[in-house]
Amino acid sequence: MAKELEKFKAEAKKLAAGTRKFTTAEGDKLKKRIGISLGNAWEGEDFFRESLAKARENGVKSEKLADFQKDKSFKDGLTTWNKAVDILQGDVDEMKAFCADATAHMAKQQNLLKDIEKDLKKRSKSSASKKDIETLQGELEKEIAAVRKASEYEGKLNAAQKLYAANFQKKVNAILKEKPDSHDKKKDATELPQILVDRNLKKFTNQAGALVKAINAHCSAAIDAAGEDLKAAAPELKAAAAKYKDLKKINDQYQQVKKKFPGAIEDSKDKKKLLETIKKLDNATDAMERKIRGTTVTIKKAAV
């Protein structure tokens, strides 16, 4: 009866390569990518609205797509948005294919499991292969459970992630039919406040945090280098200054939006979070300026 064991092992080995592809880690990666792509598509929509407002300013008074296509600003806005939507749809299609393939693979695993279960039912307790087949059965059950979890990731997508790309043309037509003055308002509201949107707020605060960390590291390295050779500290100070410039640029954007759009912040459900984040960013920028200045003074004193 060892023949059946070898047969089951051979079939399980054939399935193993596919089993390794269908993991929750891969599902998480695809889901995260879809989330990023949807965010980019939303930003593309905002840019399209801005471009539509500019086209109106340029004299386009029609509601027809063909008439707007003659305006370069509008055409650029639509093309940018369309590309972002195509990428989103591609990512969603990849998720669907991943889940469909996982389901198909799981069916093969389940067929093998049924064959193993049938064999075990008729196999005598004294069979020398029984224990090894039961071990294989247990391993296969665990693998099926893992693949099943991977196959369910399409169901974790929300409506916007699933349908945004499919509704693209409808959305274009709806925006074209909106009143022209609403485009002007949206143009004003989307130029700078986009950095207040949660996904962008997170992105820029993460960038700022990384810059603060880098500045501190360069300043520490500059002091260490100055202990052996004062000239050796210069590259580190220069690198710290470059990082500070990037940090200040982010901070300036947020301080500008705070001054220019107080109403947008006041009306936001995340008002407290926004104001706290903008304040922390400003404080961090001031602290890094003092850090670089203090490091420079310390090194200069050491040179005396």
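The values are calculated or read from the model by the stated rules, or taken from the named source; none is laboratory data. Predicted, not measured: the structure shown is a model, and the values here were computed from it. FYI the Cβ positions are ideal-geometry reconstructions off the backbone, even for glycines, and counts take in every protein chain you see. We work out accessible area using only protein heavy atoms, side chains counted, and drop any ligands, DNA or RNA first. Shrake-Rupley method; radii C 1.70, N 1.55, O 1.52, S 1.80 Å.
Only one entry of HIS105, HIS183 meets the criterion of being modelled with pLDDT under 90 and surrounded by 15 or more Cβ atoms within 10 Å (Cβ to Cβ), and that entry is HIS183. Considered as a group, the residues in segment 151-160 that are modelled with pLDDT of 90 or more and assigned to a helix (DSSP H, G or I) include one that is farthest from LYS32 (Cα to Cα), and that residue is SER151.
Among the residues of segment 267-276, those identified as under 18 Å from THR205 (Cβ atoms), of a type in the set (D, E, K, R) and in a helix (DSSP H, G or I) are LYS271, LYS272, LYS273, GLU276. Taking the numbered list (1) under 22 Å from the mean Cα position of the chain (by Cα); (2) at pLDDT below 85 in turn, GLY209 passes all entries but (2). For segment 13-26, a residue qualifies if it is under 15 Å from ALA107 (Cβ atoms) and surrounded by 15 or more Cβ atoms within 10 Å (Cβ to Cβ), and the qualifying residues are LEU15, GLY18, THR19, PHE22. The set of residues from segment 104-150 being assigned to a helix (DSSP H, G or I) and basic (Lys, Arg) comprises LYS108, LYS114, LYS118, LYS121, LYS122, LYS130, LYS131, LYS142, ARG148, LYS149. Scanning segment 29-60 for residues that are among the charged types (D, E, K, R) and either in contact (Cβ under 8 Å) with a residue 40 or more places away in the chain or surrounded by 20 or more Cβ atoms within 10 Å (Cβ to Cβ) (or both) yields LYS31, ARG33, GLU43, GLU45, ASP46, ARG49, GLU50, LYS54, ARG56. Only one entry of ALA234, ALA264, ALA284 meets the criterion of being surrounded by 14 or more Cβ atoms within 10 Å (Cβ to Cβ), among the hydrophobic types (A, V, I, L, M, F, W, C), part of a helix (DSSP H, G or I) and in contact with a Pro (Cβ under 6 Å, 6 or more places away or on another chain), and that entry is ALA264. Cβ-Cβ below 9 Å, separation at least six or inter-chain, first residue in segment 253-268 and under 15 Å from LYS279 (Cβ atoms), second outside any helix (DSSP H, G or I): which pairs? From segment 253-268, the pairs are GLN253/LEU192; GLN256/LEU192; VAL257/LEU192. In segment 1-10, the qualifying residues are those that are at pLDDT 85 or above and open to solvent by less than 60 Å² (accessible area, probe 1.4 Å), and the one that is nearest to SER124 (Cα to Cα) is PHE8. Checking the condition free of Cβ contacts under 8 Å to residues at least 40 places away in the same chain, within 19 Å of ALA150 (Cα to Cα), more than 25 Å from the chain's Cα centre (by Cα) and not in a loop (DSSP other than H, G, I, E, B), which residue from ALA17, ALA10 passes? After applying the criteria, what remains is ALA17.
Just so you know, in segment 108-150 the residues that are more than 19 Å from THR23 (Cβ to Cβ) and among the acidic types (Asp, Glu) include one that is surrounded by the most Cβ atoms within 10 Å (Cβ to Cβ), and it is ASP119. Within segment 267-281, restricting attention to residues that are of a type in the set (Lys, Arg) and surrounded by fewer than 12 Cβ atoms within 10 Å (Cβ to Cβ), the residue that is modelled with the highest pLDDT is LYS272.
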